[in-house]
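One structure below.
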Amino acid sequence: MKRIVSGIKPTGTLTLGNYLGAIKQFVKLQQKMTDCEFYLFIADMHAITTRQVPAELRKRTLDIAAMYLACGLDRERTVLYIQSEIPQQTELGYILQSNVYMGELERMTQYKDKVAKQETSITSSLFTYPALMAADIILYDADYVPVGDDQKQHLELTRTIAQRFNNYYGDFFTVPEPLIPEVGARIMDLQNPEKKMSKSDENDKGYISMFDDEASIRRKIRSAVTDSFGIIRFDPENQPGLANLLTIYASCTDQSIEEIKDQYQDKSYKEFKDDLAEVVVGVLKPIHDAYQTIVKSQELQDILDHGRDIASDYAFKKMRKCKRKIGVGRK
Ligand code: TYM
């Protein structure tokens, strides 16, 4: 049986970008691929690569787990767990650090961006983060990993690490394939469409949080940056703001950009934005309502306990074999 694995880091809030780029795709795959296993986790060990307030991190971890479920995951078929509750993931992360080179890690965009911004407090775990991410995936022999475009580079490195390990020690880990959606893989910032919508952004007008109320969603879409052409067409180079809004519309409704463009060709930006706001509210409102019920429920705790037990079982066996393979320990 094929296995699909993905994760989200509980830093900042969850955005519409996370939903359209990763979560929605995961839910759709679940509906389409009935013969697969689905593992989904909250990457709290990744979150601590930058400073976190402990109580907030713990709350956000549960919020994200509840939000995942509220997005329509099939509860019977999802192994939902918290990364730190499976110690083998971190253990394998350490082993994989010995199978990745400094030069490879230095080429990672996320790390390079931080260096370019001359951030002084870059931790060593932020630098080695891709090794832990590789461990998150290959520990479970994932076949496919649904992610947004910004994770593509990490997935390529994961493949390199798995292949390198297999070449030296003999075939052991499945080499995973990324699954990146055609539309919605890179939702851009509403105020600065040159950069991706990010949950860690200080300017909250640039992103739509999945926790935003209806009024904030409408306000943010209304004030999204467009251009002075006044023509509705899909031209990411010259009209990046509008192209991003068309992408959000297409991704939320599963219509093609072509169709939407035709539908709005004689309309004003204002009319288009008003409709888009309704589309986004229509998607997020039911999720938000479901989230409110799930987050306080005992069911959430039970699902996370069950997920931890299933993931632990696989992780324990795989790590025992892995250690034997690389010659650490007595047998
Ligand atoms: P994270 O938490 O930054 O993002 C979670 C998922 O959301 C996608 N995403 C986006 N998609 C479209 N447009 C955007 N603006 C946007 N912003 C984020 C990301 O591509 C991702 O799929 N390192 C990962 C978490 C992780 C992981 C893993 C993922 C840790 N281990 C193993 C998959 C498999 C991260 O920081 O994603």
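Considering every Cα-Cα pair within the chain, what fraction, in whole percent, is farther apart than 33 Å? Percent of Cα pairs beyond 33 Å in the chain: 29.
Our estimate of slack between Phe234 and Gln31, defined as 0.36 nm per intervening residue step minus the Cα-Cα distance, is 70.1 nm.
In summary, the lysines within cross-link reach of Lys59, defined as a Cα separation below 20 angstrom excluding same-chain residues under 8 places away, comprise Lys9, Lys199, Lys296.
May I ask you to derive the FRET efficiency for Arg107 and Lys325 from their Cβ-Cβ distance with R0 = 25 Å, giving the value to the nearest 0.05? Taking R0 as 25 Å, the efficiency between Arg107 and Lys325 is 0.35. Residues of the range 287-304 with amide nitrogen under 19 Å from the 7 Å Cα-to-Cβ point of Ala55? Under cut-off, by backbone N: 296. When a 1.4 Å probe is rolled over the protein heavy atoms, the share of accessible surface on the range 204-292 that falls to carbon and sulfur comes to 48 percent. Placing +1 on the Cβ of every Lys and Arg and -1 on the Cβ of every Asp and Glu, with no other charges, gives the chain a dipole of roughly 1320 debye about its Cα centre. Taking label points 7 Å from Cα along the Cα-to-Cβ direction, Tyr94 and Gln292 give a separation of 4.5 nm.
Restricting the range 1-85 to GluC sites (Glu not before Pro) that sit in a DSSP loop and have at most 14 other Cβ atoms within 10 Å of their own Cβ leaves Glu76. Which listed residue (Ile137, Gln255, Thr11) has the Cα farthest towards the positive end of the charge dipole for the chain, taking +1 on Lys and Arg C-beta and -1 on Asp and Glu C-beta about the Cα centre? Selected residue: Ile137.
The modelled label-to-label distance between Ser125 and Glu299, using points 7 Å beyond Cα along the C-beta direction, is 3.3 nm.
Across the range 251-331, Cα-Cα pairs farther apart than 16 Å form 73% of the total. Taking every protein chain into account, the accessible area of the chain amounts to 49 square angstrom per residue (probe 1.4 Å).
Semi-axis lengths, largest first, of the ellipsoid equivalent to the range 277-316 are 31, 13, 4 Å, with √(5λ) applied to each eigenvalue of the Cα gyration tensor.
Taking Cα centre as origin and charging only the Cβ of basic (Lys, Arg, +1) and acidic (Asp, Glu, -1) residues, the dipole magnitude of the range 154-303 rounds to 380 debye. The angle between the Cα long axis of helix 152-169 and the longest principal axis of the Cα atoms of the chain comes to about 20 degrees, rounded to the nearest 10.
Here the spin labels are modelled as points 7 Å beyond Cα on the Cα-Cβ line, and at Ile257 and Arg219 they lie 3.0 nm apart. Close amide-amide hydrogen proximity is noted between Tyr39 and Ile4, Val5, Ser6, Val79, each under 5 Å apart and 5 or more residues distant or on a separate chain (H modeled in the peptide plane; Pro and chain starts excluded).
Expressed as a rounded percentage, what relative contact order does the chain have, with Cα pairs under 8 Å and six or more residues apart?
Numbers: 493 pairs, mean separation 75.3, N = 331.
Relative contact order comes out at 23 percent.
Once divided by 2.2 N^0.38 Å, the Cα radius of gyration of the range 204-292 becomes 1.07. Per residue of the chain, the DSSP helices (runs of n ≥ 4 H) give a summed -39500 (n - 2.57) that works out to -16500 deg cm²/dmol at 222 nm.
Residues considered: Tyr101, Tyr81, Tyr207. Largest GNM mean-square fluctuation over the chain, using C-alpha springs under 10 Å, is found at Tyr101.
The values are calculated or read from the model by the stated rules, or taken from the named source; none is laboratory data. Nothing here was measured: the structure is a model prediction, and the numbers come from that model. Neighbour counts run over all protein chains shown; Cβ positions are idealised from the backbone, glycine included. Surface areas here come from the heavy atoms of the whole protein model, side chains and all, with no ligands, DNA or RNA. Shrake-Rupley method; radii C 1.70, N 1.55, O 1.52, S 1.80 Å.
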